[in-house]
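The structure appears right after this line, and notes come after that.
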Amino acid sequence: AFSAEWFICEYLHVWYHGFMDRSDRKGADASALLLRTSGLRATPARLAVLALMEKIKRPLSAQELIEKMAKSADPATVYRMVRDLSARGIIRQVDLRHNHAHYERADTRDHHHLICMLCGRMQDITGCGVESMYKNILQAADWCGEVRQHALEFYGICKSCPRAVTTT
């Protein structure tokens, strides 16, 4: 007799390997290793979430993940995965001022986002230079012994949006 859990895992395994093409398999192996070294099982659903985030290359909300994973994972499973992946530093939360969290892979190079406040267009920005500010930050906040991470998002209006909007 097969359990429901076994059946679901087999279904997700078949779905995941059908979803991935050969060029993505190397990334899947790296993701599986990342999950295992973080203390998580490399389930097909977790691997699919990480592959999806890698493929789309922009922060995704939990709702977007639920919609894209609808055939393979229920909403509660997606929320649990996001919680677990975030808690272990595999994905990071990004605040895009949409009144809900967005997530992206944390193993990408250090970058920030430039976001149009009108249309939502987004671009990754690298080389923020904030690491060079760490020494000054630590001197100003003498209670802190180490800066481990930072978050920085830029908001503006892109050239193709109307400039009539003024903000303070």
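One table, with the values for the structure above:
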item: Long-range HN-HN contacts of Ile125 with modeled amide H, under 5 Å; result: His112, His113, Leu114
item: Placed amide H near Ile91: partners under 5 Å, 5+ positions off or other chain; result: Ser86, Ala106
item: Pairs of alpha carbons in region 57-106 whose separation is greater than 12 Å (percent); result: 61
item: Largest-first principal axis extents, alpha carbons of region 92-161, Å; result: 43, 23, 23
item: Total formal charge among the other residues, if their Cβ is under 14 angstrom from that of Met69, Lys/Arg +1 and Asp/Glu -1; result: +2
item: Solvent-accessible area of Lys55 with every protein chain in place, 1.4 Å probe, in Å² to the nearest 10; result: 150
item: Rounded percent of accessible protein surface that carbon and sulfur make up, region 46-128, 1.4 Å probe; result: 47
item: Highest average packing first - 151-159, 60-68, Cβ atoms within 10 Å; result: 60-68, 151-159
item: Average accessible surface area per residue within region 70-154, 1.4 Å rolling probe, Å²; result: 68
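The values are calculated or read from the model by the stated rules, or taken from the named source; none is laboratory data. In this text, all values refer to a predicted model and were calculated from it rather than measured experimentally. Here Cβ is always computed from backbone atoms with ideal geometry, including for glycine, and neighbour counts include all displayed protein chains. The accessibility values were calculated without ligands, DNA or RNA, using every heavy atom of the protein model including side chains. Shrake-Rupley method; radii C 1.70, N 1.55, O 1.52, S 1.80 Å.
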